[in-house]
Amino acid sequence: MVFLEALLSLILILICAELFTNGVEVFGEKLSLSQAVVGSILAAIGTALPETIVPLVAILFYKGEAGDQIGIGAILGAPFMLVTAGLFLVATGVLISYLRGNRTLEIKIEPHTFQRDFIFFIISYSIAIFIPLLFTNNKFLHFLLAFILVINYLIYLFLTFRSDSIAVEAYKDLYLEKFLKKLRITISNTGVIFIALIQCICAVIVMIKSAHIFVESLEALSKFFGISPILFSLIVAPIATELPEKFNSLIWTLRGRDVLALGNMTGAMVFQSTFPVSIGLIFTPWNLEGLALVSAFIAIGLSLFYLLCIFLLRKLSPFILLLSGLAYFVYIYFVITLK
């Protein structure tokens, strides 16, 4: 029964990811928003809500050591999955599209957009990981760091809205609009904006509910497989809750919308290194160790490497991003063998 619930929630997430991608594209196009704003902010925050809800539910409603471990694992697992499996999926999408003859191997990026995203992620995540390691069991410091991280994200929002970027063009008409047209309901341009927002909100609500169902079965599954809750949630929870970003980015990459695809990932990385981490700092002991800590080091290390590539080369190759896949599978191997 638990496995069936997990499977159904994944299917719902995939369907809602397509609905959300379609809705946010149309919404951005109608409001003349840039790809940086749509990808790094609207899509990133919207699809990041499930993995934000997972640790919040685990920490606040599944109290005790297991709840804290599941929450911390989900918090650390989100950035790790985005930097490893997420960017690997972007590279895979580029390669698949290239083999189908639909594009070149070059990933189209806006260097300033992704430099900003990686810099904010590295700063925020490093603050949350390294400072508590140096000053242990200091709750006042945890509150202070949480406040700094929230301010850091607000600064990121301000800079992203002010930055220059290509305008969004929707790939398809709004699904909900097409359905209403079949019912012979005429919708104005303003109405389309409202309908697009409704479609996005409904898609996110279903994804959040799916994440809640997943949390309820997480502790039982961890006991079934004999893996500690923190390691199980570090791997399995983000696979489910990060699927919106991954699937959205795969769709955008196959359509040649690389700025949206990567922005969805890197924008979510910045969000995940601020608000969810702040929840962990405030409501848990935030004692990081073992493979959970290693996952954070991997995420920061890969981000530093990609930032350096953008600074020096002004581009990212899909073959370079394959390194993320290698790091992910090596890490999973050690989690399984050292459980």
Of (1) within 24 Å of Phe161 (Cα to Cα); (2) buried (at least 18 other Cβ atoms within 10 Å of the Cβ), Phe311 fails just (2)
Exactly one of Phe80, Phe135 is buried (at least 20 other Cβ atoms within 10 Å of the Cβ) and touching a helix residue (DSSP H, G or I) at 6+ places or on another chain (Cβ under 7 Å), and that residue is Phe80
Quiz item: Does Lys246 qualify as being outside any helix (DSSP H, G or I) and either at pLDDT below 85 or more than 22 Å from Ile45 (Cβ to Cβ) (or both)?
Solution: no
Practice problem: Using the structure shown, decide if Arg116 is more than 18 Å from the chain's Cα centre (by Cα) and basic (Lys, Arg). | Solution: no
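What's the total number of residues in the stretch 255-283 that are closer than 19 Å to Tyr125 by Cα and not in a helix (DSSP H, G or I)? Reasoning before the result, please.
The initial filter retains those residues of the stretch 255-283 that are closer than 19 Å to Tyr125 by Cα, namely 262-283.
Narrowing further to those that are not in a helix (DSSP H, G or I): 273-274.
Summing the residues that are closer than 19 Å to Tyr125 by Cα and not in a helix (DSSP H, G or I) in the stretch 255-283 gives 2.
Within 17 Å of Val94 (Cβ to Cβ) and either buried (at least 16 other Cβ atoms within 10 Å of the Cβ) or not hydrophobic (A, V, I, L, M, F, W, C) (or both), is that true of Leu288?
Numbers: within 17 Å of Val94 (Cβ to Cβ): no; either buried (at least 16 other Cβ atoms within 10 Å of the Cβ) or not hydrophobic (A, V, I, L, M, F, W, C) (or both): yes.
Criteria not met by Leu288.
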With criteria (1) closer than 25 Å to Pro276 by Cα; (2) modelled with pLDDT of 70 or more, Gly28 comes up short on (1)
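Give the residue that is modelled with the highest pLDDT, with candidates limited to residues of the stretch 156-189 that are β-branched (Val, Ile, Thr), within 21 Å of Ile201 (Cβ to Cβ) and surrounded by 12 or more Cβ atoms within 10 Å (Cβ to Cβ).
Of the stretch 156-189, the ones β-branched (Val, Ile, Thr) are 160, 166, 168, 185-187.
Now restrict to residues that are within 21 Å of Ile201 (Cβ to Cβ): 168, 185, 187.
Imposing the further condition that a residue be surrounded by 12 or more Cβ atoms within 10 Å (Cβ to Cβ) reduces the set to 168, 187.
Working: Val168: 53, Ile187: 75.
Across the stretch 156-189, the extreme among qualifying residues is Ile187.
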Note: among Leu82, Leu133, Leu76, just one is under 19 Å from Ile251 (Cβ atoms) and in contact (Cβ under 8 Å) with a residue 24 or more places away in the chain, namely Leu82
With criteria (1) of a type in the set (D, E, K, R); (2) closer than 24 Å to Gly263 by Cα; (3) surrounded by fewer than 19 Cβ atoms within 10 Å (Cβ to Cβ), Arg103 comes up short on (3)
Given the condition surrounded by fewer than 24 Cβ atoms within 10 Å (Cβ to Cβ) and at pLDDT below 85, answer yes or no: does some residue in the stretch 271-281 qualify? no
Hey, any hits in the stretch 36-43 for a residue that's at pLDDT 75 or above and crowded, with 19+ Cβ neighbours inside 10 Å?
-> no
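Condition first: of a type in the set (D, E, K, R), touching a Gly at 6+ places or on another chain (Cβ under 8 Å) and farther than 29 Å from Leu145 by Cα. Can you find one or more residues in the stretch 102-122 that meet it?
Start the filter on the stretch 102-122 by keeping residues that are of a type in the set (D, E, K, R), which leaves 103, 106, 108, 110, 116-117.
After this cut, where a residue has to be touching a Gly at 6+ places or on another chain (Cβ under 8 Å) as well, the list is 103, 108, 117.
Narrowing the set further to residues that are farther than 29 Å from Leu145 by Cα leaves 103, 108.
Yes, the stretch 102-122 has at least one match.
Is it true that Tyr153 is within 22 Å of the chain's Cα centre (by Cα) and either surrounded by fewer than 11 Cβ atoms within 10 Å (Cβ to Cβ) or hydroxyl-bearing (Ser, Thr, Tyr) (or both)?
On the way: within 22 Å of the chain's Cα centre (by Cα): yes; either surrounded by fewer than 11 Cβ atoms within 10 Å (Cβ to Cβ) or hydroxyl-bearing (Ser, Thr, Tyr) (or both): yes.
So Tyr153 passes the test.
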Val83 meets each of (1) modelled with pLDDT under 80; (2) of a type in the set (Val, Ile, Thr); (3) under 20 Å from Phe297 (Cα atoms) with one exception, condition (1)
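The values are calculated or read from the model by the stated rules, or taken from the named source; none is laboratory data. Computed from a prediction, not measured in an experiment: that's the story for all the values here. Note: ideal-geometry Cβ built from the backbone for every residue, glycine included; neighbour counts use all protein chains shown.
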